Amino acid sequence: MDSARQSNREALSRLTRHMKPTDPNKLWMQIGSVYVKVSRQQAEDALKERQEILNREIYETHKRVTDNAINLEEMSDSQTITRHFGLKALSREEMDSFYPSRNI
């Protein structure tokens, strides 16, 4: 899933950042095993939607694996597996509170 997310991110970046305004407004996009000619806006919307779906699936899979590891730890009465699984990344607001003058 992560490689699909990375490929989708690259395609979206190529579409939004690297295409010149003089490039044609229509482009070919592969949907499944079929190539379809769509407008640039339709392609961008489809890629953004797919990116959101992939991000959600990866998050849900990660959460499910973490929960399963915690359940396994509880069954084995051990604390070696998930000792650090409860850690969460800091949000942008939390990072800004540590480094107010730094734009991350």
Output for segment 15-25, where each listed residue is under 14 Å from ALA46 (Cβ atoms) and open to solvent by 50 Å² or more (accessible area, probe 1.4 Å): THR16
Residue in segment 90-101 that is open to solvent by 100 Å² or more (accessible area, probe 1.4 Å), within 17 Å of ALA4 (Cα to Cα) and modelled with pLDDT under 90 present: no
Matching option when the condition is in a helix (DSSP H, G or I), of a type in the set (Asp, Glu), open to solvent by less than 100 Å² (accessible area, probe 1.4 Å) and at pLDDT 85 or above, among GLU57, GLU73: GLU57
Long-range neighbours under 9 Å by Cβ, at least six apart or interchain, first residue acidic (Asp, Glu) within segment 1-30, second part of a helix (DSSP H, G or I) and open to solvent by less than 90 Å² (accessible area, probe 1.4 Å): ASP2/LEU54; ASP2/ILE58; ASP23/ARG40
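The values are calculated or read from the model by the stated rules, or taken from the named source; none is laboratory data. Small disclaimer: the values here were computed from a predicted structure and weren't measured. Here Cβ is always computed from backbone atoms with ideal geometry, including for glycine, and neighbour counts include all displayed protein chains. To get the accessible areas, we keep the full protein, side chains included, count just its heavy atoms, and leave off ligands, DNA and RNA. Shrake-Rupley method; radii C 1.70, N 1.55, O 1.52, S 1.80 Å.
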